[in-house]
Amino acid sequence: MEGKILAAEWARKTKKPFLGICLGMQCAVVEFARNVLGWHDANSTEANPLTNNKVVIEMPEHHPGHLGGTMRLGKRKTNFRTDVPSLLRKLYGDVDFVEERHRHRYEVNPKVVDKLEENGLMFVGRDVDNERMEILELKDHGYYVAVQYHPEYLTRPMKPSPPYLGLILAASGKLASYIAHGCRLSPSSDYSDSDYSDDEQISEELAELSLKASASSTSLDSRLSGRK
C-alpha cells in the first residue's frame, strides 16, 4: 500500500497521468492528506487502525472480523456533481450519472471530505445519498483521476471504459484533442450504445473465424486421407 501511496505522490507532483482504482483511490486520499494537509500519520484503518487521522474507514455495514457477505458489491449508481467541473464526466459523455460495479469494504471518511476539497482534491462523483465518495479529480492537473468502483468490469475492445481511455489519451498527449472533438476518436466514431452492439459484432467475427478454422481442418483431413 505504501508503494501505491508513493506512486500517487509522484504522479501528483510531476503532473503525470494517474488513475486510481478502488484501493488506488484510497491511497490517493491518504497521500494527499499526508503531504498536502500535513496529516503525517493519515492512513486507512485497514492498514493502521490506530492512526489519529482516519481518512479511509470501514463502511458501517462491514463488521470487523466477519468478512463473509460484508462487501459493497455489484452495480451501483454514481451521480456526477453539477456544481464543479469534471473531466471524467466529459469522457462519459456529459451524463448525469453512471452505473459501475463495486467491490470494497472501505471508503473515504466523509468527515474529512470538506478539508480535502478546500485544498483541491475534488470528489466529483458521489453515491445516490451523497455520502459515499465515488470519483475524485485533482484541480490543476491534466489527468489525476481515481474511482472507488471497478471500471474494468464493463470495458469492451471497441468501447473502452472512459477512465482507462482517458488515462491512455492523457499519457499519449491526445486527451485535449479528443475532448475538443466531442470525445470521438474520429469523425465517424460513436461510443453511444446502438442496436448492433460491439459484443454482437465480436461474437459474429469469432464465429466466422471458427467456421473458417473448421473448414480448413476438414480440407486438410481430406487431403491427408487422399494420400493414403
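The values are calculated or read from the model by the stated rules, or taken from the named source; none is laboratory data. None of the values given here were measured: they were computed from a predicted structure. Counting neighbours? That spans all protein chains shown, and the Cβs are built from the backbone with ideal geometry, glycine included. Accessible surface is based on the protein model in full, side chains and every heavy atom, while ligands, DNA and RNA are left aside. Shrake-Rupley method; radii C 1.70, N 1.55, O 1.52, S 1.80 Å.
Numbers below:
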read-out: Failed item, numbered, when Glu46 is tested on (1) modelled with pLDDT under 95; (2) open to solvent by less than 50 Å² (accessible area, probe 1.4 Å); value: (2)
read-out: Looking only at region 76-92, and only at residues there that are part of a strand (DSSP E or B) and among the polar types (S, T, N, Q), the one that is most open to solvent (accessible area, probe 1.4 Å); value: Asn79
read-out: Residue that is nearest to the chain's Cα centre (by Cα), among those in region 1-42 that are among the small types (Gly, Ala, Ser) and in a loop (DSSP other than H, G, I, E, B); value: Ala42
read-out: All positions within region 93-121 that are part of a loop (DSSP other than H, G, I, E, B), in contact with a Pro (Cβ under 9 Å, 6 or more places away or on another chain) and either open to solvent by less than 30 Å² (accessible area, probe 1.4 Å) or among the hydroxyl-bearing types (Ser, Thr, Tyr) (or both); value: none
read-out: Residue selected from region 122-140 under the condition at pLDDT 90 or above and acidic (Asp, Glu), by the criterion surrounded by the most Cβ atoms within 10 Å (Cβ to Cβ); value: Glu134
read-out: Scan of region 132-148 for residues that are more than 18 Å from Ala7 (Cα to Cα) and assigned to a strand (DSSP E or B), ordered by number; value: Met133, Glu134, Ile135
read-out: Extreme residue, nearest to the chain's Cα centre (by Cα), among residues of region 149-174 that are in a helix (DSSP H, G or I) and without any contact (Cβ under 8 Å) to a residue 40 or more places away in the chain; value: Ile168
read-out: Single match in Tyr143, Tyr153 (criterion: crowded, with 22+ Cβ neighbours inside 10 Å and either out of contact with any strand residue (DSSP E or B) (no Cβ under 6 Å at 6 or more places or on another chain) or modelled with pLDDT under 95 (or both)); value: Tyr143
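Conditions tested, residue by residue: (1) within 10 Å of Ala146 (Cβ to Cβ); (2) basic (Lys, Arg); (3) open to solvent by 40 Å² or more (accessible area, probe 1.4 Å).
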| position | (1), (2), (3) |
| --- | --- |
| Glu2 | no, no, yes |
| Ala8 | yes, no, no |
| Thr14 | no, no, yes |
| Gly38 | no, no, no |
| Asp41 | no, no, yes |
